[in-house]
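Before any comments, here is the structure.
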Amino acid sequence: MTQLEDQAATKQVTRRAVELVDVDIHPVMLGPDMARRLPERWGRHLERYGRRAPFVTDLYPRPRNKGMRADSWPEGGIPGSSYELLREQLLDEHDIDFGILLCLNAHDAGYEHPEYDAAINRVVNEWIVEEWLDRDERLRSCISVPYDHPELAIAEIERWAGDDRFVQVLLPAAGQEPFGSRKYWPVYRAAADAGLPVAFHTGGYTGHRGAGWPSFYLEEHAGYGVVMQMLLTSLVCEGTFAAIPNLKVVMTEGGALWAAALRWRLDDAWSQLRDEVPELDRLPSEYIHDHVWFDTQPMEEPDDPQHFLQVVEQADLSDRLMFATDYPHWDFDTPAQSVPRGLGKEQRAKLLAGTAIELYGLPTHVDRA
Amino acid sequence: MKVVVCRLEDFPEGERKIVKAGPRSIGVFNVEGEFFAIRNRCPHQGGPLCIGRLSPWAVASGPGKVTMDGPPRLVACPWHGWEYDLETGQSFMGPGETRVKAYEVSVARGDTLEDVRQAEADVRVPAAARAAGREPGPYVAETFPVYVEEDYVVVEV
Amino acid sequence: MTVATATEAIDCDLHVAPAGVDTLLPYLDEYWRSYIDDATIRMGQAAYPMGAATTGAAPAGNHEELTAVLDETRPRRAILSCLALDGVHRNPHYGAAMATAINTWMRDEFLERDERLRASMVVSTLDIPAAVAEVERWDGDGRFAQVLLPVRNDIPYGNRYYHPLHAAAHERGLPIALHAWGRGGNAPTTTGVTTSYLEDYASNAHIAQTQMMSFVAEGVFSELPELKIVFLECGFSWLPPQLWRFDKDWKGVWREVPWVKERPSEYIRRHMRFTTEPAQLPQDPEQIAQVVAMVGPELLLYASDHPHEHGASSERLLASLGDEDAEAILRGNAAAFYGGSIA
């Protein structure tokens, strides 16, 4: 045996049940790293022309520690850019068994030239593998894709689908078209056929909203769930789930309890208007239950904890909720504190790990030193 | 229980110090010459409250018309940003809101060595910590040279 | 538990519409008559296509047709809403002229002939001073119970742009009523258009949530402390999680909006009301009771929303109510909210 193997063999390794899966963690790639990794044309483009999309943080500045946990800034970096700090503050501190990375560096790269978009996504995925997945067996990731250019997105999915540390495909909550549009179906089909759920994460082109642009970050943030309602309405009403029966989607960082009223809203609407959409041959709420998962962050906090439980039941969410911290953002949920009291032991276990294990095909037990 | 933080001259305006008193972590703040001490744990989800940003009240007479009023006596939890008045521990949002425990801070003039040793002894320090030479929070008294002539900042816990 | 019936209710959303643009011509001057004729303008029904089950039927177009409806529904009072102005999209002067025409038509055709009736005054939001002038025009006619705006527009309603209009309504104790549908041309989503009526129809609730937050975040109530807002045909069952979300976020980000001095849900409960149609509720009666309790029955105002047909949820809602809640929702809440104009 080599010295390393010998050390490994003598380390105490125990087998234990997986009890905590964090399904929304945000590593961040620093600009110079991206520039270095991009192909020459796009590295030069980045240097000369930058990125075209207005950052949402410019549209709606976050006057709350720049939108981050104030204690999550690594030396010389920005929150999420240091594996070591993330490991310490999140994975080790909270004893996380598996953490799913959602790197948002390409979230609004759809504003760019298609090949630039594709190149940015490619380097993000490469970086994730080298700097994160290869360094920590607890980590899994999304495949970041140039979603507004379906052929290029499918190529990126195919590139990584064989690495089972990639457990889903990442889109934002809004693109150039509503995400139920047929334009995107080939991307969803490619994900579904590769056995990968599609995560829609808060962000992207959240523009007019039918009411006009809000003025304040408070409205933008409190509106994340409203944007998700628009997104899910589009997915259902355009027949996306009817057309792609093996598609699973995860509404990420948009809350979950709004799903109760959305189900009733769509069911009533469909009961009256189903002749317009014959391809929807089931109740919308059935599509939602069969195809949609939700993460819990930011956890809703009604005054009366009973109300949380009631709405979970009303929305049939007990086996559709997955815990997330959203580290390192300011509205981070702590595993120990944020899960509502009164959630039964079984439901709690599902929320903290069980549902994610099933959705992502994670092992139920791990051997850890 | 009195916990000695440090010498007054080592605690300038605008600074803060985190001390341990037994199992509790407490943040002590010097805000424009006034001292406040507050538990370093946000009642919301347990965040490290006392490393948060200090701000004064932002008082609005109407939309867009805001003045910053008074000294920065609100500490914002570095996690979710919930703010607490350093003096009362009250988050100001309304009735029934979570209150952080605020501790009375006094400056003890002319304390003797005996007083300080007694304060030390009052701190419930686990034997193991003492044996390891670690004092959880209180400023180690033996580093004070001639402290009877000095003012000490002392926390009543 | 008695099954609440809606007779003798205060009906807060009952639709009327001119049969065609010709109905309004007598209320327009020569220039606008020739404008309409030259462009062959027809009254649009984009929001309520006649073949959609949710549309139900054509709204009452005159006093006789409305009387037939009232003979069936037998309300104590009914507040009429006409959405014809939603068809004017961009020309601010045309909008102002049509607003006056529609309001005058409603007065002549309905208000003068049946003292049970009240009306929502329409104003064009393309020109706020003109909208204020329209509010002033009806000073003294207490039969106009509220100012009607479409829930869909270019700019959220809390924005400073609308302040003079809200102030004019506030001065007169008139609620601002936001009704489903409205300004065409903007997608009812974050970006792209919806390809089905089904999706478009479901979108009113999403837009209403954005509007609700706008009033609070922009501090409208700090300057207009008695202003009342009512959401018509936008649903209400989406309220509880959105209020929890709004309150929680405000606690962390209040410094951005320090003129919001209480929890957002406090403002909303004090200043806003929501009609019962569409109810959009679960099947299970116990869950319906939970939803009503979480929302708070005091926020709900009964509406027939005639002629629209949104499904069976509103029947289940009424069936679920105890006597006290039924009385509040059918009459008491509206009486308190609208005050003298409804009495």
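Numbers for the structure displayed
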read-out	value
Selection status of C:HIS15, modelled with pLDDT of 95 or more, in a strand (DSSP E or B) and of a type outside the set (A, V, I, L, M, F, W, C)	yes
Residue check for A:LEU232: touching a residue at least 40 places away in the same chain (Cβ under 8 Å), part of a helix (DSSP H, G or I) and closer than 17 Å to A:PHE294 by Cβ	yes
Residue satisfying condition, being in contact (Cβ under 8 Å) with a residue 12 or more places away in the chain, within 14 Å of another protein chain (Cβ to nearest Cβ) and of a type in the set (A, V, I, L, M), within set A:ALA161, A:ALA173	A:ALA173
Residue among A:ASP326, A:ASP333, A:ASP303 that is without any contact (Cβ under 8 Å) to a residue 40 or more places away in the chain, in contact with a Pro (Cβ under 8 Å, 6 or more places away or on another chain) and within 14 Å of chain B (Cβ to nearest Cβ)	A:ASP333
In segment C:251-279, the residues that are buried (at least 24 other Cβ atoms within 10 Å of the Cβ), at the interface with another protein chain (Cβ under 7 Å from one of its Cβ atoms) and hydrophobic (A, V, I, L, M, F, W, C)	C:VAL253, C:VAL257
Residue count, segment A:57-76 (criterion: more than 21 Å from B:ALA58 (Cβ to Cβ), part of a loop (DSSP other than H, G, I, E, B) and away from chain B (no Cβ under 14 Å))	3
Top-ranked residue in segment A:306-323 [being polar (S, T, N, Q) and either within 11 Å of chain C (Cβ to nearest Cβ) or more than 26 Å from the chain's Cα centre (by Cα) (or both); ranked as surrounded by the most Cβ atoms within 10 Å (Cβ to Cβ)]	A:GLN314
Residue tally, condition more than 8 Å from every other protein chain (Cβ to nearest Cβ), in contact with a strand residue (DSSP E or B) (Cβ under 6 Å, 6 or more places away or on another chain) and of a type outside the set (S, T, N, Q), over segment A:193-207	7
Test: residue in segment C:75-82 that is within 21 Å of C:ALA130 (Cβ to Cβ), in contact with a Leu (Cβ under 9 Å, 6 or more places away or on another chain) and surrounded by 16 or more Cβ atoms within 10 Å (Cβ to Cβ)	yes
Exclusive hit being modelled with pLDDT of 90 or more, touching a Ser or Thr at 6+ places or on another chain (Cβ under 9 Å), buried (at least 17 other Cβ atoms within 10 Å of the Cβ) and within 14 Å of chain A (Cβ to nearest Cβ), set B:CYS42, B:CYS50	B:CYS50
Yes/no for B:GLY14 being at pLDDT 90 or above, more than 19 Å from B:VAL157 (Cβ to Cβ) and not in a strand (DSSP E or B)	yes
Answer from C:SER304, C:SER265, C:SER314 - the residue that is small (Gly, Ala, Ser) and assigned to a loop (DSSP other than H, G, I, E, B)	C:SER304
Among (1) in a helix (DSSP H, G or I); (2) farther than 24 Å from C:LEU281 by Cβ, the one test that A:ALA261 misses	(2)
Residue in segment A:206-229 that is touching a Leu at 6+ places or on another chain (Cβ under 7 Å) and of a type in the set (A, V, I, L, M, F, W, C) present	no
Single residue of A:MET29, A:MET68 found to be touching a strand residue (DSSP E or B) at 6+ places or on another chain (Cβ under 7 Å) and touching a residue at least 12 places away in the same chain (Cβ under 8 Å)	A:MET68
Boolean, C:PRO164 is more than 20 Å from A:TYR205 (Cα to Cα), in contact (Cβ under 8 Å) with a residue 24 or more places away in the chain and not hydrophobic (A, V, I, L, M, F, W, C)	yes
Residue in segment C:214-226 that is closer than 20 Å to A:GLY225 by Cβ, more than 14 Å from chain B (Cβ to nearest Cβ) and more than 13 Å from the chain's Cα centre (by Cα) present	no
All positions within segment A:242-273 that are in contact with a strand residue (DSSP E or B) (Cβ under 8 Å, 6 or more places away or on another chain) and facing chain C (nearest Cβ under 7 Å)	A:GLY255
Answer residue from segment C:172-193, given it is facing chain A (nearest Cβ under 7 Å) and not hydrophobic (A, V, I, L, M, F, W, C) and is surrounded by the most Cβ atoms within 10 Å (Cβ to Cβ) among those	C:THR189
Test set (1) over 30 Å from A:ALA70 (Cβ atoms); (2) within 22 Å of the chain's Cα centre (by Cα); (3) part of a loop (DSSP other than H, G, I, E, B) - A:ARG282 fails condition number	(2)
Odd one out for B:LYS2, checked against (1) within 22 Å of B:TRP57 (Cα to Cα); (2) under 13 Å from the mean Cα position of the chain (by Cα); (3) not β-branched (Val, Ile, Thr)	(1)
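Residue by residue, here is whether (1) more than 27 Å from A:TRP330 (Cβ to Cβ); (2) more than 14 Å from chain A (Cβ to nearest Cβ); (3) in a strand (DSSP E or B) holds:
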site: B:LYS20; (1), (2), (3): no, yes, yes
site: B:SER25; (1), (2), (3): no, no, yes
site: B:ILE38; (1), (2), (3): no, yes, yes
site: B:ALA58; (1), (2), (3): no, no, yes
site: B:VAL66; (1), (2), (3): no, no, yes
site: B:PRO72; (1), (2), (3): no, yes, yes
site: B:VAL75; (1), (2), (3): no, no, yes
site: B:GLY81; (1), (2), (3): no, no, no
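Let's see how each residue does on (1) within 16 Å of the chain's Cα centre (by Cα); (2) over 24 Å from A:VAL277 (Cβ atoms); (3) within 14 Å of another protein chain (Cβ to nearest Cβ):
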position: A:SER144; (1), (2), (3): yes, yes, no
position: A:GLU151; (1), (2), (3): no, yes, no
position: A:ALA190; (1), (2), (3): no, yes, no
position: A:ARG209; (1), (2), (3): no, no, yes
position: A:TRP213; (1), (2), (3): no, yes, yes
position: A:TYR224; (1), (2), (3): yes, yes, yes
position: A:LEU231; (1), (2), (3): yes, no, yes
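The values are calculated or read from the model by the stated rules, or taken from the named source; none is laboratory data. Source: prediction; values computed, not measured. FYI the Cβ positions are ideal-geometry reconstructions off the backbone, even for glycines, and counts take in every protein chain you see.
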